[in-house]
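The values are calculated or read from the model by the stated rules, or taken from the named source; none is laboratory data. Being a predicted model, the structure only gives us computed values, none of them experimental. When we count neighbours, we look across all protein chains shown, and the Cβ atoms used for this are built from the backbone with ideal geometry, even at glycine.
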Amino acid sequence: MMRIVNAVQAVIVWSLVLLACAPASAADDASTVRVTRVDGAVTLNGVPLKEGTAITRDGKVEAPANAAAVLTWSNGSMVELYPGSSLVLRGVIYEADRKLEKSLLTLEKGRIFVKAQVPEHLFAHFEVSAGDTPFMSQGAEFALSYNEKGKELTVWSLLGVVVADLRGTRIRVNEGEQLVHALAGAAGSPAPMPAKTKEALQKNSQRLGGSLLADEALGTPGGTLVAKIGGVRNRRGNAPYTVKFKALTGGGSGKLKSINWQFGGGAGAEGREAEYTFTQGVYVVVLTVEDENGQKASAQMNISVEQDCGC
């Protein structure tokens, strides 16, 4: 009996040690990444890949010629692998204190289309490295191509901003721009994206589903009044950070009696559009609308203002 008690005590002590050494971040809150579409002979770590399979840390997905795949994060992000591409998921980390989900990937070759999106109550840091060059986004939709033989990178930003770290020099690729960079050459400069390229990327985005960034119509008058905060591409920024907001509504009577904004700390505004400059911290912006019949609706969005968000 004494041996059994000692064994149980040893297990309890060892469990406490493991808990004490566990990371502070809530790993259980990080997204699960699954394959939601497979076209052709796609593999995961050399094994044929099936739809519904979860991709864990350091999982390598390869789509040979005439094959493609779509990976979906449970918090909303998506990545499509084009034919002839190889992508490694280095990890997904959730920092509960910052409400920040970090997704780290490496594009070994080929091309991908990324919808780096999370719900309004979370923040995203989506980082794809290609040729030792990191491309960072906190909510954009973009495409990235890496020619590993020619050592050339190209990024196209469809919605939001992508930040390229070219040997310590950060270059912002704004919405509607592209950046071509030869690894052996000097840092390139962003230029307007060709119209045909933009049209193709828009079709790709629509095929993959709706966008959390687009200011989409919420419906015609009638029925329940609904509201959404629009106009915001980047919910993270460096202090002081000025953000422009737009009230999007649908349903109801079609005529609004009041539109109220609350930015935190007692600050507020009225009207369809509003602007506010935030200092460092995390804020919950609340929109409340009321139509002429007294029907009310509200929406909220988190804004994070940091000393250096890299975005």
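Conditions: (1) closer than 17 Å to GLN117 by Cβ; (2) free of Cβ contacts under 8 Å to residues at least 24 places away in the same chain; (3) part of a loop (DSSP other than H, G, I, E, B); (4) not hydrophobic (A, V, I, L, M, F, W, C). GLN206 meets all but one. Number of the miss? With respect to (1) closer than 17 Å to GLN117 by Cβ; (2) free of Cβ contacts under 8 Å to residues at least 24 places away in the same chain; (3) part of a loop (DSSP other than H, G, I, E, B); (4) not hydrophobic (A, V, I, L, M, F, W, C), GLN206 is out only on (3). Against the conditions (1) buried (at least 17 other Cβ atoms within 10 Å of the Cβ); (2) in a loop (DSSP other than H, G, I, E, B), GLN178 satisfies every one except (2).
Residues that are crowded, with 16+ Cβ neighbours inside 10 Å and within 19 Å of the chain's Cα centre (by Cα), at least 2 per element: which strands (runs of 3 or more DSSP E) completely within region 42-112 meet that? Reasoning before the result, please.
Values: elements: 59-63, 68-73, 78-81, 85-95.
In region 42-112, 68-73, 78-81, 85-95 are the strands (runs of 3 or more DSSP E) which contain 2 or more residues that are crowded, with 16+ Cβ neighbours inside 10 Å and within 19 Å of the chain's Cα centre (by Cα).
Annotation: GLU216 fulfils all but one of (1) more than 21 Å from the chain's Cα centre (by Cα); (2) in a loop (DSSP other than H, G, I, E, B); the unmet one is (1).
Residues that are within 25 Å of GLY219 (Cα to Cα) and surrounded by 14 or more Cβ atoms within 10 Å (Cβ to Cβ) were ranked within region 270-287; the one that is farthest from the chain's Cα centre (by Cα) is ALA274. Assess whether GLU290 counts as being loosely packed, with under 14 Cβ neighbours inside 10 Å, at pLDDT 95 or above, part of a strand (DSSP E or B) and of a type in the set (D, E, K, R). So GLU290 fails the test.
Looking at this structure, is GLY237 part of a loop (DSSP other than H, G, I, E, B) and either of a type outside the set (A, V, I, L, M) or modelled with pLDDT of 95 or more (or both)? Taking the combined requirement at face value, the residue does not satisfy it. Of the residues making up region 59-80, just one is farther than 20 Å from LEU144 by Cβ and in contact with a Lys or Arg (Cβ under 8 Å, 6 or more places away or on another chain), namely SER74.
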